[in-house]
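Below is one structure; the comments refer to it alone.
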Amino acid sequence: MKKRVALVAFNGEPMCFAHVLLNAMDMRAKGWDVKVIIEGTATRLVQEMNDPDKPFGELYIAVRDGGLIDCVCKACSAKMGSLAAAEAQGLPLCGEMKGHPGLGRYMEEGYEVITF
């Protein structure tokens, strides 16, 4: 059975977020089913890292373009000023739990949820 992991980025500190991205790429390379959920203050990094010349920009773009970002929190991205950037990048927005993504649905689908 293939491992299923949902990596949830809450922390808006770029170094912490980079570890979410690195783990997502590593797990995918191992053949795992990986989904990245961007929540909380991490949603601002959707806008900040969308530049290959910025620190971790190339890594973020590789994860994004690789289809690993499953969801960006609609409420938090609006609050952090990055909703328009998420929409412009074509990232899926989630808000089924009072504006936020519900993690229970990932668990119901058999994903191990890991938060950063």
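The values are calculated or read from the model by the stated rules, or taken from the named source; none is laboratory data. Computed from a predicted model, the values in this text were never measured in an experiment. Every residue, glycine among them, receives a Cβ derived from its backbone with ideal geometry; neighbour counts consider all protein chains shown.
Side notes on the structure shown:
- Residue match in region 89-96 (condition: among the small types (Gly, Ala, Ser) and either buried (at least 16 other Cβ atoms within 10 Å of the Cβ) or touching a strand residue (DSSP E or B) at 6+ places or on another chain (Cβ under 8 Å) (or both)): yes
- Any chance GLU39 is acidic (Asp, Glu), in contact with a helix residue (DSSP H, G or I) (Cβ under 7 Å, 6 or more places away or on another chain) and in contact (Cβ under 8 Å) with a residue 60 or more places away in the chain: yes
- Some residue of region 27-44 being at pLDDT 95 or above, out of contact with any Cys (no Cβ under 7 Å at 6 or more places or on another chain) and over 20 Å from VAL113 (Cα atoms): yes
- Scanning region 85-116 for residues that are part of a helix (DSSP H, G or I), within 17 Å of ARG44 (Cα to Cα) and touching a residue at least 24 places away in the same chain (Cβ under 8 Å) yields ALA85, ALA86.
- Given (1) surrounded by fewer than 15 Cβ atoms within 10 Å (Cβ to Cβ); (2) under 13 Å from ILE38 (Cβ atoms); (3) among the aliphatic types (A, V, I, L, M), number of the condition ALA86 does not satisfy: (1)
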